[in-house]
Amino acid sequence: MFLDDFFKKKDKKPIVMKYMTKSYGKNSKNFSKEAGRISDRVRVLFVDELDALVTPRQTLLYNLFEWPCNQNSNLLVISIANTMDLPERLQSKI
């Protein structure tokens with residue numbers, strides 16, 4: 001899974017290069033430099049209506065909140081929920 005690899009591995013450049021090659025080819029003369037620049041960016045994910053993503057297995061939420069905990073993720077997750085009982089509806093590992 002692309003996102004799982006991207007947010008867990010320290011060296012993101014090969015992952016980005018693989019994706020860029022599939023999508024755009026190697027037409028750019030600064031291909032490697034561009035891949036490095038893209039892989040070093042900090043990503044901010046803003047999730048509204050988090051309570052709508054609660055499912056029985058909660059795999060999506062588990063991954064969503066696990067990725068920022070990895071040392072090299074460069075991911076910040078900000079979420080909003082409209083229900084007061086959301087913590088009680090979530091599994092303890094989340």
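No lab work stands behind these numbers, since they all come straight from the coordinates. Since the model is a prediction, treat every value here as computed from it, not as a measurement. Virtual Cβ from ideal backbone geometry, glycine too; neighbours counted across all protein chains shown.
For A81, nonlocal amide neighbours, meaning residues 5 or more places apart or on other chains whose placed amide H falls under 5 Å from its own, are L50.
A straight Cα-to-Cα reach below 24 Å connects K33 with the lysines K8, K9, K10, K12, K13, K18, K22, residues fewer than 8 places away in its own chain not being considered. At q = 0.29 Å⁻¹ the log10 of I(q)/I(0) for segment 42-94 amounts to -1.25, computed by Debye summation with a single uniform scatterer per C-alpha, solvent ignored.
Counting neighbouring beta carbons within 10 Å and listing from fewest to most, the residues E66, E49 come out as E49, E66. Amide hydrogen proximity for R43: with H placed 1.01 Å from N in the peptide plane, the residues at 5 or more positions away or on another chain lying under 5 Å are L75, L76. Net charge in the neighbourhood of L86 (other residues with Cβ under 12 Å of its Cβ; Lys, Arg +1, Asp, Glu -1) is -3.
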